[in-house]
Structure formats: structure tokens, C-alpha cells
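Everything on this sheet refers to the single structure shown next.
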Amino acid sequence: MGALPRRLARTCGAVLGGVALRTLPRLRRTGEQNLVLAYPECGAAWRAGVLRKVYRSLGWQLAEFCQMASYSAEQASAFIRYEGFEHFAQAEARGKGVLIVTGHLGAWELSSFFHSLMGHPMSMVIRRLDNPYVDHFVNRVRCMHGNSVLHKDDFARGLLAATRAGRSIGILMDTNMTPPQGVFVPFFGHLACTPAGLARIALKTGAAVLPGFLLWHEDESKYVLHFYPEIEMADTGNAEADALCNTARCTAAIEAAIRAYPEQWLWVHRRWKTRPAGEAPIY
């Protein structure tokens, strides 16, 4: 696949993203509400600009997914590079598994695919898609180069098995949850109900925990797969307090990455939907 077809596909994806921005008002309103919550100091023009780029990013990701099956390592390396790979390598070398804290930021589907294409297959915790035929197709592409999927309805057992085998597991930790699977931790200055499973598994297994995101760098016209330094896990012996503390640490790492690249996060997700007892709904 040459550079021109990929560029054309991304242009088409960006156009589709722009159409979605204009024709899906409920999602646009959710994005605007979330940006007001997270960036109260910023004006309407800034928020509108961020949302335009969010939809462009989503369109690009759709274009990349439609072409991923044809990518070779050499082709992908022309527009994707690593940064901080040594953090991943050090964590993997411990042999207790690597729990990669990630989210709906940048090109999350392409990130695990590229990592496997470069010889580092991993597992991914995912939600089954409603359409079984689409679910089968998407997972077939995801797993072409050794990746595997762990479904959310049985992810605890899968996580334990994967970490004991020394595998890497990517976990999207930026979606709204409900108790008891989720705990309330700060996210952009507001409590957000956040999955605590990663924190519990990390202490149980001794797996390394580090953030990883595939982000678009406009100045290079490339994606960069960032691996950040390992997140130290609190281990006081109080399981619930440690789960809360460590989930907050992971969420803080996600927030830091979003603040660096706000136009690449999925602001249209109702992240603050679940509220602590007694608080009014946001959406």
C-alpha cells in the first residue's frame, strides 16, 4: 500500500468525521458538556475546535482500521514510531506480566495492532460488540499477529491467566462504570466511577503497570506509541484503600495524557454519568 491510498483514506475518514459532528447532536452536546466540566476556563470557540479535531481523529482511526489487515511491519513503521519503549521492555523483562493503562485516546485500535506487528503480541480487555458478525470481523483483524481478546464479562480470570503467563494486557480505563466494579476517583476535578480491576489484579500478581497511548504528532505527521514510566502501586495491606489509591494513580496518568492531547480523546462518551450518592445527574 503506497502513501497516496492511505492519505486518501484518511481524508475520507476526516470527511466522515465532520459529517458525524454535524449530524449527531446528542453526542456533540455530550462532548460540549464534558469539555465545560474539564476545562471551565476555556471558551466556546476552543471547545468547538477540540470537538472538530476529535471527530477528525475518529475518522482517521476508522480509515486506519479498514486498512490495518494489509499493513506490514515495514509499512507501519513509515508512519508509526515508539517513544519510551525501554519502559515497556523493562516491565516485560520482570516476567510477571505488564498491565498497560490506556484509554480512548489517539488511535487505540491501531496501538495494539502495531505493537503485535512489531513482535509484541498482547491481550486486550474489550466489550463484545452487539452485532456478532461485526464482533467476529473486528476481533479477527485485532488478532492477526498474535493478539488475543479478553471479554469484560470474564476478564478477571483472563487477566490472572495472562499475567501469570507473563503477557501484556491493554486495559481501557477511561469509561464510565457502576459500583461495585467501579470506584470514584478524581478525573479532571470531578469524581468519576472508574474500573478498579486493574489495580486489584496488579497487587495480586505483581504485574508491572505502565501507561501506553498511540498519539498523533502533527509536527511529524506520524503516530507515536508512547510508553511512560511504570506507575508505582501502593501496597499497605488494606485491599480496598489500595485499590482506590492505585485506580486514582492510573486515572491521573490518563488525565495527564489527555491534557497533553485533548483533541484526541473521546469527549463524546458520558464519562461522568454515574454519580456518587446524593449528587445530581450531569447528563
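For residues in the stretch 25-57 being among the aromatic types (Phe, Trp, Tyr) and in a helix (DSSP H, G or I), which is farthest from Phe137 (Cα to Cα)? Can you show your working first?
Here is the first cut: in the stretch 25-57, the ones among the aromatic types (Phe, Trp, Tyr) are 39, 46, 55.
Pick out the ones that are also in a helix (DSSP H, G or I) and you get 46, 55.
Working: Trp46: 37, Tyr55: 23 Å.
If we take residues in the stretch 25-57 being among the aromatic types (Phe, Trp, Tyr) and in a helix (DSSP H, G or I), then Trp46 is farthest from Phe137 (Cα to Cα).
One residue is enough: does the stretch 60-79 have a residue meeting the conditions closer than 25 Å to Glu263 by Cβ, modelled with pLDDT under 95 and either of a type in the set (D, E, K, R) or in contact with a strand residue (DSSP E or B) (Cβ under 7 Å, 6 or more places away or on another chain) (or both)?
yes
Let's see how each residue does on (1) under 17 Å from the mean Cα position of the chain (by Cα); (2) touching a residue at least 60 places away in the same chain (Cβ under 8 Å); (3) more than 22 Å from Pro180 (Cβ to Cβ):
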residue: Val224; (1), (2), (3): yes, yes, yes
residue: Glu232; (1), (2), (3): no, no, yes
residue: Ala243; (1), (2), (3): no, yes, no
residue: Asn246; (1), (2), (3): no, no, no
residue: Ile258; (1), (2), (3): yes, yes, yes
residue: Pro262; (1), (2), (3): yes, yes, yes
residue: Leu266; (1), (2), (3): yes, yes, yes
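Within the stretch 166-188, can you find the residues that are assigned to a strand (DSSP E or B) and closer than 22 Å to Arg270 by Cβ? If you could, list the steps in order and put the result at the bottom.
Going through the stretch 166-188, the residues assigned to a strand (DSSP E or B) turn out to be 168-172, 182-187.
If the condition is that a residue be assigned to a strand (DSSP E or B) and closer than 22 Å to Arg270 by Cβ, then Ile171, Leu172, Gly182, Val183, Phe184, Val185, Pro186, Phe187 are the ones that fit.
Go through (1) touching a helix residue (DSSP H, G or I) at 6+ places or on another chain (Cβ under 8 Å); (2) in contact (Cβ under 8 Å) with a residue 60 or more places away in the chain; (3) closer than 28 Å to Ala252 by Cβ; (4) not hydroxyl-bearing (Ser, Thr, Tyr) one by one and return the number of the condition Val141 breaks.
Just one mismatch for Val141, condition (3).
Are there any pairs with C-beta distances below 7 angstrom linking a residue in the stretch 97-108 that is farther than 19 Å from Ala207 by Cα to a residue that is among the polar types (S, T, N, Q), with the two at least 6 apart or on different chains, and if so which?
Short answer, once both residue conditions are applied: Leu105/Gln264; Gly106/Gln264; Ala107/Gln61; Trp108/Thr102.
List pairs: first in the stretch 189-204 and at positive phi, second among the hydrophobic types (A, V, I, L, M, F, W, C) and modelled with pLDDT of 95 or more, Cβ under 8 Å, 6+ apart or cross-chain?
Qualifying pairs under 8 Å: Gly189/Leu37; Gly189/Ala38.
Look through Leu215, Leu191 and report the one residue that is at pLDDT 95 or above, assigned to a strand (DSSP E or B), of a type outside the set (S, T, N, Q) and surrounded by fewer than 19 Cβ atoms within 10 Å (Cβ to Cβ).
Working: Leu215 fails: surrounded by fewer than 19 Cβ atoms within 10 Å (Cβ to Cβ).
None of the other options fit; the residue is Leu191.
Does any residue of the stretch 145-152 turn out to be of a type in the set (Val, Ile, Thr) and either within 25 Å of Gly59 (Cβ to Cβ) or under 18 Å from the mean Cα position of the chain (by Cα) (or both)? Steps first, answer last, please.
Residues of the stretch 145-152 of a type in the set (Val, Ile, Thr): 149.
Those left that are additionally either within 25 Å of Gly59 (Cβ to Cβ) or under 18 Å from the mean Cα position of the chain (by Cα) (or both): 149.
Looking through the stretch 145-152, at least one residue is of a type in the set (Val, Ile, Thr) and either within 25 Å of Gly59 (Cβ to Cβ) or under 18 Å from the mean Cα position of the chain (by Cα) (or both).
Tell me which helices (runs of 4 or more DSSP H) are completely within the stretch 58-165 and hold 2 or more residues being surrounded by fewer than 21 Cβ atoms within 10 Å (Cβ to Cβ) and of a type in the set (A, V, I, L, M, F, W, C), or say none if there are none.
By residue number, 73-77, 85-93, 132-142, 155-164.
If you check Arg22 against the conditions, is it part of a helix (DSSP H, G or I), more than 16 Å from Arg259 (Cα to Cα), among the charged types (D, E, K, R) and at pLDDT below 95? Write out each step before concluding.
On the way: part of a helix (DSSP H, G or I): yes; more than 16 Å from Arg259 (Cα to Cα): yes; among the charged types (D, E, K, R): yes; at pLDDT below 95: yes.
In short, yes.
Phe227: touching a Pro at 6+ places or on another chain (Cβ under 9 Å), modelled with pLDDT of 95 or more, under 23 Å from Ala107 (Cα atoms) and aromatic (Phe, Trp, Tyr), yes or no?
Details: touching a Pro at 6+ places or on another chain (Cβ under 9 Å): yes; modelled with pLDDT of 95 or more: yes; under 23 Å from Ala107 (Cα atoms): yes; aromatic (Phe, Trp, Tyr): yes.
It is true that Phe227 is touching a Pro at 6+ places or on another chain (Cβ under 9 Å), modelled with pLDDT of 95 or more, under 23 Å from Ala107 (Cα atoms) and aromatic (Phe, Trp, Tyr).
Every residue, every condition in (1) assigned to a helix (DSSP H, G or I); (2) surrounded by 15 or more Cβ atoms within 10 Å (Cβ to Cβ), yes or no:
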{"site": "Lys204", "(1), (2)": "yes, no"}
{"site": "Pro229", "(1), (2)": "no, no"}
{"site": "Ala248", "(1), (2)": "yes, yes"}
{"site": "Ile254", "(1), (2)": "yes, yes"}
{"site": "Arg259", "(1), (2)": "yes, no"}
{"site": "His269", "(1), (2)": "no, yes"}
{"site": "Trp272", "(1), (2)": "no, yes"}
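From (1) under 17 Å from the mean Cα position of the chain (by Cα); (2) at pLDDT 95 or above; (3) at negative phi, pick out the condition that doesn't hold for Arg29.
Result: Arg29 passes all but (1).
The values are calculated or read from the model by the stated rules, or taken from the named source; none is laboratory data. Just so it is clear, the structure is predicted and the values come from calculations on it, not from any experiment. Here the Cβ is made from the backbone with ideal geometry for all residues, glycine too, and neighbour counts use every protein chain on show.
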